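See structure below.
The values are calculated or read from the model by the stated rules, or taken from the named source; none is laboratory data. Keep in mind it's a predicted model, so treat the numbers as computed, not measured. A quick note on method: Cβ atoms are made from the backbone with ideal geometry, for glycine too, and the neighbour counts reach across all protein chains shown.
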Amino acid sequence: MRVKQIIILFVILLLIFTGCSTEEDQNLESEDENTIDVQPDEEVEVIAENLEVPWSIDKLDNTFYLTERPGNIVMIEDGNMERQEVQLKKKVSTASEAGLLGFVLAPDFTESKKAFAYYTYEENNQQSNRIVTLRLNENTWQENELLLDDIPSGTYHHGGRLAIGPDEKLYATTGDASEAEIAQDINSRGGKILRMNLDGSIPSDNPFEDSPVFSYGHRNPQGITWSSDETLYSSEHGNSANDEINKIEAGKNYGWPVIEGQEENADMISPLFTSGNETTWAPSGMDFVNRKLYVAGLRGTAILEFNLETGEQREVVSDFGRIRDVLIDDTSLYFISNATDGRGSPEGNDDKLYRMRLP
């Protein structure tokens with residue numbers, strides 16, 4: 001009789017354990033179903049074409065806003081493309097890599113019609129970068145307020161990416177303007193990631209007093225994004241190779257030109273990922289989803305996926321030429337080609353805005 005009771009008790013415990021395990025497995029399956037994963041070789045759709053050296057993508061609801069380096073903003077809505085005039089207070093530079101670059105809509109754009117822009121300009125035979133606000137009036141954008149000027153600009157390496165962080169601050173990437181030593185100079189705005197309030201003032205919690213400098217020692221960063229836990233990441237062009245993906249922390253030194261790639265220094269931060277001495281990605285715009293970074297590759301002619309958990313990397317989109325920027329929303333990954341920037345091989349109707357639907 002005692003043996004029978006033990007058997008019954010064992011069966012009951014087994015059923016309870018199995019039920020709990022099944023419920024846990026179902027929860028895990030549910031979580032897996034709700035994550036987004038970009039799969040290579042998905043069907044890619046053309047959203048717009050005949051773009052002229054596009055540089056940055058922003059999107060509000062179903063309307064896209066793209067900057068073109070010669071000085072235009074392209075609005076794409078319901079399949080219709082409109083190239084809108086941008087009236088700037090300075091002459092846009094036509095130097096290599098320069099022009100109308102970063103662009104991001106203000107959080108209250110629907111009411112204010114305001115956006116932020118980063119552009120290279122020429123004045124008195126000199127070249128600089130500046131960050132301004134634009135305001136949309138009917139179909140024309142007008143420069144409204146100057147937020148930051150005298151950002152170094154040289155033959156190459158203008159930086160240029162703008163983004164509004166989860167802290168509601170405006171971030172900008174700046175290049176070393178082909179003068180590597182300024183990246184280590186805290187008093188220079190070149191070779192930095194900058195952080196400011198949306199009115200252009202300096203946040204009280206910036207790492208350097210009365211300075212927009214957030215991090216330094218950068219060569220030519222052209223992409224920034226945040227993970228779901230609000231960690232900041234950037235992409236950076238190396239010196240012919242040694243491109244980098246960095247985790248950005250306030251006040252830290254990212255090494256250029258003292259170290260690059262896999263090199264180390266006790267007072268400097270080495271990258272999470274690097275292309276190494278033999279390969280170049282020329283990374284540009286980037287976005288984040290599902291614990292992974294997705295980065296546009298110009299020389300790499302691909303969208304690169306970097307898994308922050310496993311340290312693995314792979315190409316998820318290729319064969320579309322030079323890719324300048326990416327944007328991910330709930331249903332799709334969008335990217336723009338950059339074959340018309342003087343370094344690509346344009347084909348019919350280049351450049352283009354593409355969409356790849358996410359699973």
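General observations
- When region 234-243 is filtered for residues that are buried (at least 23 other Cβ atoms within 10 Å of the Cβ) and over 15 Å from THR174 (Cα atoms), the ones remaining, listed by number, are ASN242, ASP243.
- Tally of residues being part of a loop (DSSP other than H, G, I, E, B) and either free of Cβ contacts under 8 Å to residues at least 12 places away in the same chain or touching a strand residue (DSSP E or B) at 6+ places or on another chain (Cβ under 8 Å) (or both) across region 233-251: 7
- In the condition set (1) free of Cβ contacts under 8 Å to residues at least 60 places away in the same chain; (2) touching a helix residue (DSSP H, G or I) at 6+ places or on another chain (Cβ under 9 Å); (3) of a type outside the set (D, E, K, R), SER270 is compliant with all but (2).
- Scanning region 137-180 for residues that are in contact with a Lys or Arg (Cβ under 6 Å, 6 or more places away or on another chain), surrounded by fewer than 20 Cβ atoms within 10 Å (Cβ to Cβ) and of a type outside the set (Asp, Glu) returns GLN142, ASN144, LYS169.
- Yes/no for SER93 being small (Gly, Ala, Ser) and under 19 Å from the mean Cα position of the chain (by Cα): no
- Residues of region 280-291 include none that is on the phi > 0 side of the Ramachandran plot and over 18 Å from the mean Cα position of the chain (by Cα).
- Test: residue in region 146-164 that is assigned to a strand (DSSP E or B), modelled with pLDDT of 95 or more, under 15 Å from GLU68 (Cα atoms) and touching a Ser or Thr at 6+ places or on another chain (Cβ under 9 Å): yes
- Among the residues of region 81-136, the ones that are in contact with a strand residue (DSSP E or B) (Cβ under 9 Å, 6 or more places away or on another chain) and over 21 Å from LEU170 (Cβ atoms) come to 14 in all.
Table: residues versus (1) within 25 Å of LEU333 (Cα to Cα); (2) of a type in the set (D, E, K, R).
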site	(1), (2)
THR63	yes, no
ASN72	yes, no
ASN80	yes, no
LYS89	no, yes
GLU111	no, yes
TYR118	yes, no
TYR121	no, no
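- Of all residues making up region 165-187, the number that are more than 20 Å from GLU260 (Cα to Cα) and either among the basic types (Lys, Arg) or not in a strand (DSSP E or B) (or both): 6
- Single unsatisfied condition, GLN222 versus (1) modelled with pLDDT of 95 or more; (2) over 30 Å from ARG291 (Cβ atoms); (3) in contact with a strand residue (DSSP E or B) (Cβ under 8 Å, 6 or more places away or on another chain): (2)
- Residues within region 332-353 that are surrounded by 21 or more Cβ atoms within 10 Å (Cβ to Cβ) and not in a loop (DSSP other than H, G, I, E, B), tallied: 5
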